[in-house]
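Asker: Have a look at this one before I ask anything.
Each reported figure results from applying straightforward, stated rules to the coordinates on display, with no laboratory input. Just so it is clear, the model here is predicted, and its values are computed rather than measured. Using ideal geometry, Cβ is built from the backbone for each residue, glycine included, and neighbour counts are taken over all protein chains shown.
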């Protein structure tokens, strides 16, 4: 299911809750971060340039890779909000990973969440990997509704 817009919407919609508004941008960035870290570099370096670096970037799409990246990115924030920014980045990234685990791949799972402890793949198979095409119009309407509502107030 999750394409980049579905990941964006999965964090944007809950961030409309007033207690989360202060860190909404960080939460949404965290929700798209694993694909920015892994998918885009794999397309560029592996598919286009044919460099053998796929496993390096796939490791960034795991819980350990995400936690380390969020930790490093949290140092870009002021000391007073650093920990909460780290939590928002990590929460968004873990939301991303959970959505990815829920999708059904072609034959077997492709996500390896237990690296470096195990290379067992995980796939819950709750929905088809192209299900986001069906959900996209609904998500778009919801995102636009809340965006325009917030813009007016």
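Asker: So what is Rg over Rh here for region 4-152, counting just Cα atoms and using Kirkwood for Rh?
Answerer: 0.99
Asker: Which order do peptides 61-67, 26-32, 100-106, 75-81 fall in by mean Cβ count within 10 Å, highest first?
Answerer: Working: 61-67: 19.0, 26-32: 24.4, 100-106: 16.3, 75-81: 10.1.
Per-residue Cβ counts within 10 Å, averaged per peptide and sorted highest first, yield 26-32, 61-67, 100-106, 75-81.
Asker: Taking the Cα atoms only, what angle lies between the long axis of helix 24-37 and the longest principal axis of the chain, rounded to 10 degrees?
Answerer: Helix 24-37 sits at roughly 20 degrees to that axis.
Asker: Moving to a separate point now. Using Cα-only point scatterers and the Debye equation, what is log10 of I(q)/I(0) for region 8-50 at each q in 0.13, 0.21, 0.22, 0.29 Å⁻¹, rounded to two decimals?
Answerer: -0.38, -0.64, -0.66, -0.88
Asker: Can you compute the helix-only [θ] at 222 nm over the chain? Use -39500 (n - 2.57) per DSSP H run of at least 4 residues, normalise by all residues, nearest 500 deg cm²/dmol.
Answerer: -17500 deg cm²/dmol
Asker: Also, quick follow-up: To the nearest 10 degrees, how steep is helix 63-74 against the longest Cα principal axis of the chain, on a 0 to 90 scale?
Answerer: It works out to around 50 degrees.
Asker: Could you give the distance between the Cα centres of region 126-142 and region 1-49, to the whole Å?
Answerer: 15 Å
Asker: For a quick protection proxy, order the peptides 41-50, 89-98 by their average other-Cβ count within 10 Å, most packed first.
Answerer: 89-98, 41-50
Asker: Kirkwood hydrodynamic radius of region 5-87 from all distinct Cα pairs, in Å?
Answerer: Over region 5-87, the inverse of the mean reciprocal pair distance is 13.9 Å.
Asker: Something else: Using Cα pairs closer than 8 Å and at least 6 residues apart in sequence, work out the relative contact order for the chain, in percent.
Answerer: That works out to 29 percent.
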